[in-house]
Amino acid sequence: MQPVAISVRPAEEGDRRSLAELMAAVADERDGIAAEPPIDVAELAAIWKLDGTLVALAEGVMVGQVRVDPSWMGFGELGMMVAAGWRGRGVGSALVAAAIDWARARGLHKLALSVFPDNQAAIALYRKFGFVVEGRLVHHVRRSNGELWDLIEMGLRL
């Protein structure tokens, strides 16, 4: 597979539909994010909060996104998705690096995130950037099939 240049930029109004479609596709996998199908793409596109959302593009196509939601307490909650065919190709690294820069530029002192314990690739990515495990929330997320899943809490002091 040939390397492809990945660019990251702030989300724009015209990205709403692509962002919602990316979430719907990742939700369909049922293992990487808490959202599950069905996702109402039109509704999600209409309400997507663009401020704090950064998008990764490859050859003009959105292949991932990261969102930092700043709190009034000085930290930001990070959430990220990468399209299935683009994982392991540097998209996640580009997004995490951009999110860290974005957070620092806004004076945040920390980034925090939640990840499913089985998502070892994501955990390794976050560790590569210095995130550390700060705790575990047991049986925290109820899945549509009734299962209760844990979350690993990770943080990075900026």
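Nothing in this text is a laboratory measurement; each read-out follows from the coordinates by a stated rule. What you see is a predicted model; the values in this text were computed from it and never measured. Neighbour counts are summed over all protein chains in view; Cβ atoms, including those assigned to glycine, are modelled from backbone coordinates with ideal geometry.
Put a dot 7 Å past the Cα of Q120, heading toward its Cβ, do the same for A84, and the two dots end up 2.1 nm apart. Length available on full extension from D150 to R136: 0.36 nm per residue minus the Cα-Cα distance, which gives 4.4 nm. For a quick check, take a GNM of the chain with Cα springs below 10 Å and name the residue from S144, S18, S114 with the largest mean-square fluctuation. Maximum among the listed residues: S144. Helix content alone sets the calculated 222 nm mean residue ellipticity of the chain: runs of n ≥ 4 DSSP H residues at -39500 (n - 2.57) each, divided across all residues, give -8500 deg cm²/dmol. Please give the charge dipole size of the range 1-114, origin at the Cα centre, charges +1 on K and R Cβ atoms and -1 on D and E Cβ atoms. Round to the nearest 20 debye. Dipole size: approximately 460 debye. Among A56, A105, A124, the largest mean-square fluctuation in a Gaussian network model of the chain, built with springs joining Cα atoms closer than 10 Å, belongs to A105.
Think of the range 6-157 as a dipole: +1 on every Lys or Arg Cβ, -1 on every Asp or Glu Cβ, centred on the Cα centre; then among I47, A20, H109, H109 lies furthest on the positive end.
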